[in-house]
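Here is the structure we will look at, set down as structure tokens.
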Amino acid sequence: MSARKRRLPRHRAWPLTTTDIDRCLGPLMSEVTDLGFLTGHDSGTIVLGAAWIAPVPHNYGGGVHPDMVGFRVDVHPVDATDRAAVRAVLLARALPQLHAWITRALAADETWRLTPHQHYWRLADGRLTHRDEA
């Protein structure tokens, strides 16, 4: 994405591209209903996020539109000077873990699939961690 259209300050950059995620997920990409490149100020140590958007019953006009049920993937911006190092870690470790998380979720029982879930990858001091969060 060009600098003019990217809506990020010059000192921030996204460590992954749409192509990176598409290559990793392959046919699973059809399960992703929303792929976002966040523009917020600082996500702390979060570099990648994924969420399962569960079907929520429509009570009094609330709920989730059926087209949004599925997976959301968010790429968080990082310092531009760290982009290459973060990218290498995400390509080598986080994207395969994202693929595995989506695969397990698709095979999960109905109870899991009827509940929203979030999973975050954090990178701090060169160490990548990930876990489900409420």
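The values are calculated or read from the model by the stated rules, or taken from the named source; none is laboratory data. In this text the structure is predicted, and so the values were computed from the model without any measurement. Positions of Cβ are backbone-derived with ideal geometry, glycine not excepted, and every protein chain shown enters the neighbour counts. Accessible surface areas use protein heavy atoms only, side chains included; no ligands, DNA or RNA. Shrake-Rupley method; radii C 1.70, N 1.55, O 1.52, S 1.80 Å.
Here are the numbers:
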quantity	calculated
Only one of Arg83, Arg122, Arg104 that is in contact with a Gly (Cβ under 8 Å, 6 or more places away or on another chain), open to solvent by 60 Å² or more (accessible area, probe 1.4 Å) and at pLDDT 95 or above	Arg122
Residue within region 37-60 that is at pLDDT 90 or above, within 25 Å of Trp112 (Cβ to Cβ) and either open to solvent by 50 Å² or more (accessible area, probe 1.4 Å) or of a type in the set (D, E, K, R) (or both) present	no
Close pairs from region 28-43: first without any contact (Cβ under 8 Å) to a residue 40 or more places away in the chain and closer than 11 Å to Pro77 by Cβ, partner of a type in the set (D, E, K, R) and not in a strand (DSSP E or B), Cβ under 8 Å, at least 6 apart	Thr39/Arg7
Near pairs, Cβ below 7 angstrom, 6+ apart or cross-chain, from region 79-103 (farther than 18 Å from Arg12 by Cβ) to any residue that is modelled with pLDDT of 95 or more and among the small types (Gly, Ala, Ser)	Leu98/Ala50; Trp101/Ala50
Filter pass, Asp22 being open to solvent by 30 Å² or more (accessible area, probe 1.4 Å), of a type outside the set (Gly, Ala, Ser) and at pLDDT 95 or above	yes
